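Written out below as structure tokens is the structure these notes cover.
The values are calculated or read from the model by the stated rules, or taken from the named source; none is laboratory data. Because the structure is a prediction, the values reported are computed rather than measured. Every residue, glycine among them, receives a Cβ derived from its backbone with ideal geometry; neighbour counts consider all protein chains shown. SASA here: full protein model, heavy atoms, side chains in, ligands and nucleic acids out. Shrake-Rupley method; radii C 1.70, N 1.55, O 1.52, S 1.80 Å.
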Amino acid sequence: MSGILSDGLAARISGLAARYPEPSAALLPCLHLVQAELGWIPAAAEAELGGLLGIPPIRIREAVTFYSMFRRRPAGRHHIRVCRALSCTLQGSGDLGERLRARLGVDPGQTTADGRFTLEEVECLGNCENAPCVLIDFEEHGRLTPESLDEILEGLD
Ligand code: FES
């Protein structure tokens, strides 16, 4: 391993990029691979990924900052994203956010001191019919109340 990306990850990225007519078209799935291995996408990883895909790091930074699923800071073991878009707000996502801030003792964008949870507020999760919604790691939870959200959190390690 010579950089922040392991040899195995670099090989997977190169293999994935080879499936596309233009290696740059593999940018989003490659960013998912990087985040899955590192837990977030540091600047050094952007630079190495740019080298592997043959695209300027600024294009990678643009994608990382545009899509809310990519993290630019280390995250907790569980990543909680509260939808703050209109449908969820009208159905009470503000109450969910308040409950989470009080329970976890952090504001959106922060990670708990024990490293268990990172809290974020995000735009529409695409599950408006089940508002209010929260995404925890990769699982969507809808029609939540502060109490049902508490129950979900108590089931997490
Ligand atoms: S507004 Fe919350 S999922 Fe769409």
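For the residues E120, E62, the requirement of being open to solvent by 30 Å² or more (accessible area, probe 1.4 Å) and within 14 Å of the ligand (Cβ to nearest atom) singles out E120. Per the listing A75, A102, A131, the residue uniquely open to solvent by less than 50 Å² (accessible area, probe 1.4 Å) and either modelled with pLDDT of 95 or more or within 16 Å of the ligand (Cβ to nearest atom) (or both) is A131.
Determine whether D107 is without any contact (Cβ under 8 Å) to a residue 24 or more places away in the chain, in a loop (DSSP other than H, G, I, E, B) and among the charged types (D, E, K, R). Judged against the criteria, D107 is a match. Flag: C88 does not match the condition of being without any contact (Cβ under 8 Å) to a residue 40 or more places away in the chain and buried (at least 18 other Cβ atoms within 10 Å of the Cβ).
Residue-level check: of (1) without any contact (Cβ under 8 Å) to a residue 24 or more places away in the chain; (2) of a type in the set (V, I, T); (3) not in a helix (DSSP H, G or I), I80 misses just (1).
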